[in-house]
1. Sort B:Val66, B:Val53 by Cβ crowding within 10 Å, fewest neighbours at the top.
2. So how long is each side of the range B:105-173 along the principal axes, counting just the alpha-carbon atoms, biggest first, in Å?
3. Tell me, for the protein assembly as shown, which Cys residues have no other cysteine's C-beta sitting closer than 4.7 Å.
4. Which value in nm describes the separation of the simple spin-label points at B:Thr156 and A:Arg153, placed 7 Å from the Cα toward the beta carbon?
5. Consider all pairwise Cα distances in the range B:28-176 and report the whole-number % of them above 25 Å.
6. What is the P(r) of the protein assembly as shown, as percent of Cα-Cα pairs per 20 Å bin from 0?
7. Compute the length gained on full extension between A:Asn64 and A:Leu248: take 0.36 nm times their separation in residues and subtract their Cα-Cα distance, giving the result in nm to one decimal.
8. In peptide B:134-141, what is the residue-averaged number of other protein chain Cβ atoms found within 10 Å of each Cβ?
Amino acid sequence: MNDQERDLELLDGFLSDLLSDAEMDKVRTRLEVEPALRVIKDELLQLKSGIEAAGKKNLMEKMNRWDSNVNPLISEKGTELGNVIPWRAYIGWAALLVVGFFSIFSWYTSDGQKAKRLYGSYFKVYDNIMVPTQRDMSDEGLKQRAFYHYDLREYQEARPLFEQLLTVDNGEYIRFYYGIVLMALEDREKAESVLSSVDSDFTLQANWYRALNAIRQKDFLKAKELLRKLEEGESSYSNNAKEILKKLD
Amino acid sequence: MDNTRLIALIKEGNDDVIQNIYADYRDEFIIWANKHHQCEYEEGREVFQQCMVQLYENVVSEKLTVLSSGLKTYLFGIGKNKIREVREVERKKRIEVKGGEVTTEEKLLHESILDKVEVALSQLGDPCKKLLELFYYRKMSLVQITDRLDYKNTDTTKNLKYKCLGRLRKIYTGRN
């Protein structure tokens, strides 16, 4: 192996957390003082994610080949989806639905259901656009690990990491994402307290989520107040805010 | 075949098992997705392929080692989440179109990196391409790869792996 290949081996072990503590420290020190090694590390990360993406693509292509060569598709068997579905069974269900319609309607329009329904239609976890993460984060810092679990929607795991992170970095966006974690875990009061403290670049987003949180808590007055502010602005939340306000009136 | 054996075979990279699972559940999934989530035929098929990829990746990364429920329940569970994700992406796109937003630069950059690596991989060719895929995507050990690609021993495989990686990097960056 030449020097370059040895460096690749070392960095590969470093990124996969396969080195001893002493070796990891040695690599970290080298990375601090050798910009060329940092470049190789970044390139290696790109290559690994590219190889993974290509592997995934290969698997998909293989399945497409199975579709065409091995196992005929439903459509090729001369069966349309509509014929596969047992429509006759639906007639019975339809009759039952008509009978139960009015009782369901009154239940559906109650405040609790309205809150659930609206919240369910509009709540979507905000994408992580701040901290890039990758599959193996075992050797990365607290912030990367918190966002790694966030990306995987593992909010129970993400919550303590964000709480720990906030003790060392009280940045606006970290508080914002922590608020989203709390909402995903349905800790609504704490989510409101955290999101209401978010300012600057994430105010709009925070207000949108606070409005949804208020809806879920059936606090429609507070929700309307926040939504009106969003409706007046020119953000991408404006139309949704308008829609919800109509539904709440 | 019991689930433990099934997982072991997927982990070994047994394509026949993966193909059997695909053939066993594909149609049922497409019908289920149409009935319960109004997925068109092609959409259902694509989502099912994504479910299979997810199943495979969870097994090889050892996120999935035991199936407490049945395989079908597990696959359809993934499918339900995938459909939800697809709907969310569609909704987001609609909002972006309305709001006049564009795809983020970071996303484009990430996609262009993946495309560039893919081109470099195809220039690299086999057996290097195969070896790197088996190691980094299929998460096979050097012992398994040595056996599968019929190399002399694991040291040979390991040396070759870094030679291949070095060559790939050279093609990818255009530097020595």
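1. Working: B:Val66 7, B:Val53 18.
Lowest to highest Cβ neighbour count: B:Val66, B:Val53.
2. Taking max minus min along each principal axis of the Cα atoms, the range B:105-173 gives 45, 21, 15 Å.
3. B:Cys39, B:Cys51, each lacking another Cys Cβ under 4.7 Å.
4. My value for the distance between the label points is 4.6 nm.
5. Numbers: 5882 of 11026 pairs.
Roughly 53 percent, once rounded to a whole number.
6. All Cα pairs considered, the percentages come to 20, 49, 28, 3.
7. Details: separation 184, 0.36 × 184 = 66.24 nm, distance 4.69 nm.
Working it through step by step, the gained length comes to 61.6 nm.
8. Working: counts 1, 4, 10, 10, 4, 2, 0, 0.
Shielding by partners across B:134-141 averages 4.
Where a number appears in this text, it was derived from the coordinates with a stated rule and is not lab data. Computed from a predicted model, the values in this text were never measured in an experiment. With ideal geometry, Cβ positions are generated from the backbone for all residues, glycine too; neighbour counts draw on all protein chains shown.
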